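Here the structure is laid out as structure tokens; the discussion comes afterwards.
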Amino acid sequence: MPNGTEEDRPWPEELRLRPGGRALAVLFDNGEHYELTAEFLRVESPSAEVKGHGKGQEITVPGKRNVTIHHIEPVGNYAVRLVFSDGHMTGLFSWTYLLKLGRDQPSLWQAYLDRLRDEGLSRD
């Protein structure tokens, strides 16, 4: 992401929960559009449960293939809280983080799949 001020960053114009809560569509005001699956968002949650409390403390979260998003709660004018079918709801997804997830989705997803394999874990 370019080094700019917060005002220079794309702003989400629309967040739309797909039928059944299997994905979240995010449209930014610069035309960028991302479809983020519930599983991807759950395993990349910015919560301490997933990210830990510092670099190197990240947790690989298995068994989330069938997780869905129950609902979206706005948090101020900078983020949303996603409430997942497994009860997880502690991560705040800022606009900047959603943009990063969208832009980096292929590499983040592959890294997740690699960690699952390396740790002997499963998506199921």
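What the Cα convex hull of region 71-124 gives, in volume per residue, is 95 Å³. Under 5 Å between amide hydrogens, built in the peptide plane, is the criterion, and for residue 70 it picks out 83, 84, 85 among residues at least 5 positions away or on other chains. Counted by neighbouring Cβ atoms within 10 Å, the residues 109, 11 run from fewest to most as 11, 109.
In plain terms, the residue of 71, 88 with the fewest other Cβ atoms within 10 Å comes first and the most crowded comes last, giving 71, 88. Result for the chain in a Gaussian network model with C-alpha springs under 10 Å: among 49, 13, 39, the largest mean-square fluctuation is at 13.
Between the C-alpha center of region 75-124 and that of region 7-64 there is a gap of 5 Å.
Couplings 3J(HN,Hα) of region 68-74, computed from phi: 10, 9, 6, 6, 10, 10, x Hz, in residue order, whole Hz [Karplus 6.51 cos²θ - 1.76 cosθ + 1.60, θ = phi - 60°; x for Gly and Pro]. Entry note, region 47-124: relative contact order of 28 percent, from Cα contacts under 8 Å with a spacing of 6+ residues. In order along region 76-90, phi translates into HN-Hα couplings of x, 10, 10, 6, 9, 9, 9, 9, 9, 5, 8, x, 5, 7, 9 Hz, rounded to whole numbers, per the Karplus curve 6.51 cos²θ - 1.76 cosθ + 1.60 with θ = phi - 60° and x for Gly and Pro. Per-residue ellipticity at 222 nm from helix content only, as computed over the chain with -39500 (n - 2.57) for each DSSP H run of at least four residues, stands at -8500 deg cm²/dmol.
Please report the relative contact order for region 1-90, taking Cα pairs under 8 Å with a sequence separation of at least 6, and give it as a percent rounded to a whole number.
Numbers: 128 pairs, mean separation 17.4, N = 90.
Once normalised by length, the contact order is 19 percent.
Placing +1 on the Cβ of every Lys and Arg and -1 on the Cβ of every Asp and Glu, with nothing else charged, gives region 6-115 a dipole about its Cα centre of roughly 460 debye. Along region 107-122 the Karplus relation, 6.51 cos²θ - 1.76 cosθ + 1.60 evaluated at θ = phi - 60°, assigns HN-Hα couplings of 6, 5, 5, 5, 4, 5, 4, 5, 5, 4, 4, 5, 9, x, 9, 10 Hz to successive residues, with x for each Gly and Pro. Note on the chain: with a GNM built from Cα contacts shorter than 10 Å, the maximum mean-square fluctuation among 63, 54, 87 falls on 54. Principal semi-axes of the equivalent ellipsoid, √(5λ) from the alpha carbon gyration tensor of region 6-115, are 21, 16, 14 Å from largest down. Sorted largest first, the principal axis extents computed over the alpha-carbon atoms of region 7-49 equal 30, 28, 10 Å.
Read the figures in this text as sums done on the coordinates, not as results from a lab. What you see is a predicted model, and the numbers here were worked out from it, not measured in a lab. Cβ: placed from backbone, ideal geometry, glycine included. Neighbour counts: every protein chain shown.
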